[in-house]
Amino acid sequence: MKKSIPWFVFSAFILATVVALNFGRIGSIPPLSVVKADVATTSVTVGNNVPTWQVIYEDPASSSSTPTNVESDVNFKGRADDPNGDNWYLIICATSTQIATTTNGGCPVCPGGLVWATSTATDNNTTTATYTPGEGDVEKNDWWAWACDNASGGGQLCTSYSQGIGGSSEANSPFVVNRRPIFDTLSNDGPKDPDQTVSWNTNVNTSDPDSYGGTDTIKLHICKTQEWNTTTDTCVGEYWSSSTVVTSDPSCQYNIPSVTQDKTYNAYAWLVDEHGLEATGTIAVGTASNYDVNNVAPSISAATIQLLDTDGAGYLTLLPAYEESQTPGFKVKATITDNNSCEAAGGGNEISTVTAYVYRELIGYSNCSTTGDSNPNNCYPEISCTIGPCGGPSVSVATTSCTFSLWFLADPTVGSNATDSIWWDEIWLASVKATDDDNASGTTEDSDGTELDKFEAYDLTTSNIPYGSVPPGNTSNEATTTIKATGNVGLDENISGVDMVRVGNSETIAIGQQHYSTTTGFTWGDGVVASSTVQKLELNCPKSTSTSSPATKDTYWLIQVIIGQASGTYNGTNTIAALTGEAQNW
């Protein structure tokens with residue numbers, strides 16, 4: 001085990017050694033010296049050093065493909081490290097000429113005042129300088145950036161300029177301004193009819209002023225409302241139309257639906273460039289360019305017109321119950337089409353009135369179009385019609401039904417030749433006239449028509465043939481029977497009779513003693529000999545043509561009493577039945 005030497009032994013040894021050495025060198029023992037420490041002053045001058053660029057770029061990048069819209073911000077983001085730890089400024093100039101530093105540590109100045117933006121003094125962090133382009137700016141704008149410390153007293157230092165560090169190439173100088181397109185003129189070629197095309201047009205002065213990286217395109221939008229979504233660059237609500245993208249003079253079209261109400265439609269124009277920036281100019285965006293849809297006349301398809309009997313089918317037939325009167329319940333039906341819709345723009349029916357006209361074919365609509373043309377034989381104008389319900393503003397059709405009566409003497413058209421009817425080669429037709437709420441009308445004639453049947457009706461206006469008192473061997477005075485035509489045909493007669501029988505006895509006067517003729521004042525013996533067998537008489541009573549004075553025709557009668565005929569009162573019956581006569585005698 002080692003043992004250490006006490007400290008005091010070791011110290012004594014050192015002292016003895018030193019004394020011995022000293023004595024040996026000078027031969028005597030010098031006096032002891034006193035040790036004293038002095039203070040040395042230090043000094044250094046730390047020089048000001050230039051800040052060092054880390055990054056400088058546009059955020060977001062402002063380039064030809066992503067320009068900055070006027071009235072939006074160009075942000076310059078930069079960072080510089082100052083070796084002295086000083087705060088520093090970001091200065092963006094419009095010139096590469098060296099900027100002028102200050103003596104008070106303030107922000108340096110771009111030569112000639114050509115400054116885009118400056119920041120406040122900042123430490124070693126990223127800072128932003130902002131410039132907001134205006135309408136008067138050019139499209140392409142070069143920039144030079146400096147970072148300068150805030151040292152004062154003339155020692156302020158700046159980096160060399162930079163046109164971009166640390167960002168994409170699009171984020172470097174220059175920044176690009178997207179200027180508003182110019183909206184010069186606007187017009188549309190309305191008014192238009194339904195199913196036509198309305199066009200909105202500008203002129204060649206409507207264009208975009210920007211061409212850096214390629215001429216900007218523009219697009220015309222026609223909106224239904226005056227609102228515009230600047231985020232999506234679309235109409236708020238529905239579109240009427242939009243153009244293709246062009247460099248100038250955009251135009252667009254809208255195909256008006258085939259069923260469109262006649263009124264003014266609100267339309268608002270927006271012109272934007274390919275970057276979604278709205279235009280400025282003579283025409284303001286959101287300008288109204290309303291268009292009108294014309295009123296068009298309603299129409300009726302001939303195929304839809306039906307001229308119907310009282311039961312809705314077959315020929316037009318006059319009913320016996322309405323002899324010498326009017327048979328009610330005939331109908332005209334049709335479908336009305338109005339391309340302005342069956343519903344008016346302000347509500348109610350677009351088709352205000354419908355009237356029907358019924359007539360014999362050769363009379364024609366032109367001769368049966370007013371109440372003054374009315375003729376019970378062949379013309380029934382201005383028949384009122386009801387209009388069916390409308391299905392809404394997108395529906396163009398409405399049905400109509402018209403009810404009318406025919407007089408007993410309306411001309412019949414059935415038959416295969418002139419013997420059957422004067423009008424055998426004609427038909428009855430109907431025209432329908434529809435008038436809209438703007439007083440535009442359309443009229444169409446039935447393409448098929450129908451026949452009107454013969455109506456054989458008559459009235460024997462005398463119920464007896466009074467021969468009076470006739471001595472044997474003599475001829476009576478002339479008696480008369482009258483047939484009245486109460487249908488729509490001319491009449492002949494079928495005549496038969498029986499012997500006259502003496503009252504209270506069986507004595508008779510033979511039927512053959514009665515003669516008849518269509519000529520008054522005829523001589524007995526020249527007339528037709530009455531018979532118990534039915535005989536046709538060519539009475540030739542004409543067809544009635546007046547509702548107030550139906551046609552009539554008389555038959556004249558004579559009786560001759562033979563010598564030896566017993567006296568007394570004799571009674572008998574003659575049967576007179578009218579029948580349709582030959583048409584040429586009507």
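No value in this document is a laboratory result; all are computed from the given coordinates. Keep in mind that this is a model prediction, so the values were computed, not measured. Quick reminder, even Gly has a Cβ in these numbers, built from the backbone with ideal geometry, and neighbours come from all protein chains shown.
In what sequence do CYS342, CYS402 fall when counting other Cβ within 10 Å, fewest first?
CYS402, CYS342
When LYS553, LYS224 are ordered from fewest to most other Cβ atoms inside 10 Å of their Cβ, what list results?
Ordered by Cβ neighbours within 10 Å, fewest first: LYS224, LYS553.
Report the one residue of SER64, SER258, SER248 whose Cα lies farthest in the direction of the positive end of the charge dipole of the chain (charges on C-beta: Lys and Arg +1, Asp and Glu -1; origin at the Cα centre).
The residue sitting farthest along the positive end of the dipole is SER64.
Just going by the charge dipole of the chain, with Lys and Arg at +1 and Asp and Glu at -1 on Cβ, which of ILE387, GLN513, ASN84 is farthest out on the positive end?
ASN84
Only four residue types carry charge here, +1 at the Cβ of Lys and Arg and -1 at the Cβ of Asp and Glu. Report the dipole size of region 441-586 about the Cα centre in Debye, rounded to the nearest 20.
680
Quick one: net charge of ASP73's neighbours, Cβ under 11 Å, K/R +1, D/E -1?
-3
So what's the back-of-envelope 222 nm ellipticity for the chain, counting only DSSP H runs of four-plus at -39500 (n - 2.57) apiece and dividing by all residues, rounded to 500?
Theoretical 222 nm ellipticity from helices: -1000 deg cm²/dmol.
For region 107-149, compute Rh as the Kirkwood radius over C-alpha pairs and then the Stokes-Einstein diffusion coefficient at 4 °C and 1.567 mPa s; write the answer in µm²/s, rounded to an integer.
Approximately 105 µm²/s, per Stokes-Einstein.
Along each of its three principal axes, how wide is the spread of alpha-carbon positions in region 458-585, in whole angstrom units, largest first?
The Cα atoms of region 458-585 stretch 49, 27, 26 Å along their principal axes.
Select from LEU316, ASN494, ALA284 the residue farthest towards the positive end of the dipole of the chain; place +1 on Cβ of Lys and Arg, -1 on Cβ of Asp and Glu, and compute about the Cα centre.
The residue sitting farthest along the positive end of the dipole is ALA284.
Check the straight Cα-Cα distances from LYS219 and name the lysines below 25 Å, setting aside those fewer than 8 residues away within the same chain.
LYS140, LYS192
Using alpha-carbon pairs under 8 Å, 6+ residues apart, how would you state the relative contact order of the chain in percent?
Relative contact order of the chain: 9 percent.
Sticking with the crude label model, points 7 Å out along Cα→Cβ, report the distance from TRP424 to THR371 in nm, one decimal please.
Spacing of the two 7 Å Cα→Cβ label points: 3.9 nm.
Find how many whole Å separate the alpha carbon centroid of region 498-550 from the alpha carbon centroid of region 139-202.
Measuring centre to centre over Cα atoms gives 117 Å.
Quickly rank 526-535, 577-586 as a protection proxy: mean count of other C-beta atoms within 10 Å, highest first.
For the peptides 526-535, 577-586, the packing ranking is 577-586, 526-535.
If you check each cysteine of the chain for another cysteine whose beta-carbon is under 4.7 Å away, which ones come up empty?
Result for the chain is CYS107, CYS252, CYS541, no neighbouring Cys Cβ within the cutoff.
Say the cut-off is 29 Å between C-alpha atoms; which of LYS333/LYS454; LYS433/LYS484; LYS454/LYS536 go over it?
The answer is LYS433/LYS484.
Using mean Cβ contacts within 10 Å as the protection proxy, how do 46-54, 327-335 order, highest first?
Output ranking for 46-54, 327-335: 327-335, 46-54.
Note the full-extension length gain between ALA510 and ILE165 as 0.36 nm times their separation in residues minus their Cα-Cα distance, in nm to one decimal.
109.7 nm
Would you mind ranking LEU452, LEU539 by Cβ crowding within 10 Å, fewest neighbours first?
Listed from fewest to most nearby Cβ atoms, that is LEU539, LEU452.
Could you pull out every residue, at least 5 positions away or on a different chain, whose amide H is within less than 5 Å of the one on ASN178? Hs are placed 1.01 Å off N in the peptide plane, and Pro or chain starts have none.
THR68, ASN69, VAL70
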